[in-house]
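Scroll down for the structure; my scribbles are underneath it.
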Amino acid sequence: MSGLVKVTAIVRPYRLEAVKTAVAKLGVGGLTVTDVRGRGHGPGAASPFAGDPVVAFHLYSQIEVAVSHALAEDVASAIVTAARTGQSGDGMVFMEALVDALRVRTEERGPAAI
């Protein structure tokens, strides 16, 4: 086991800058951001299409960052604090163990790769 964790967060797009700043303050420089659509357990706006209800998917920002196991909880907490508005739809944070990481340019592995 390499001691790495991938933290994936789904947040409101307008909270993205605050989340990036909070993660950077922890000394974490590399992250990936993707625009995604989805919905959670909250009430979704359904509108009829051809007689069937259609559930609206909302635009979110997905942030992925690989960190050492020691930093994972701090990163997750920073994301939650920066992303929270207190309203339904604030998002989710997932953490999963990574088997390994390999930097393509240098072939460094594990924590040295991130």
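A few remarks follow.
- Among the residues of region 1-20, just one is loosely packed, with under 15 Cβ neighbours inside 10 Å and touching a His at 6+ places or on another chain (Cβ under 8 Å), namely 3.
- Qualifying residue in region 78-86 (condition: surrounded by fewer than 13 Cβ atoms within 10 Å (Cβ to Cβ), among the polar types (S, T, N, Q) and without any contact (Cβ under 8 Å) to a residue 40 or more places away in the chain): no
- Filter result (part of a helix (DSSP H, G or I) and either surrounded by fewer than 17 Cβ atoms within 10 Å (Cβ to Cβ) or among the β-branched types (Val, Ile, Thr) (or both)) within region 21-33: 21, 23, 24
- Condition check for residue 44: more than 14 Å from the chain's Cα centre (by Cα) and modelled with pLDDT of 75 or more: no
- Filter result (closer than 18 Å to residue 38 by Cβ and in a helix (DSSP H, G or I)) within region 54-79: 79
- Residues of region 80-99 that turn out to be of a type in the set (D, E, K, R) and at positive phi, as a count: 0
- Residue in region 69-106 that is modelled with the highest pLDDT, counting only those that are within 17 Å of residue 14 (Cβ to Cβ) and either of a type in the set (D, E, K, R) or touching a Cys at 6+ places or on another chain (Cβ under 8 Å) (or both): 84
The values are calculated or read from the model by the stated rules, or taken from the named source; none is laboratory data. All values derive from a computational prediction rather than experimental measurement. For neighbour counting, all protein chains shown are included, and Cβ atoms are generated from backbone atoms with ideal geometry for every residue, glycine included.
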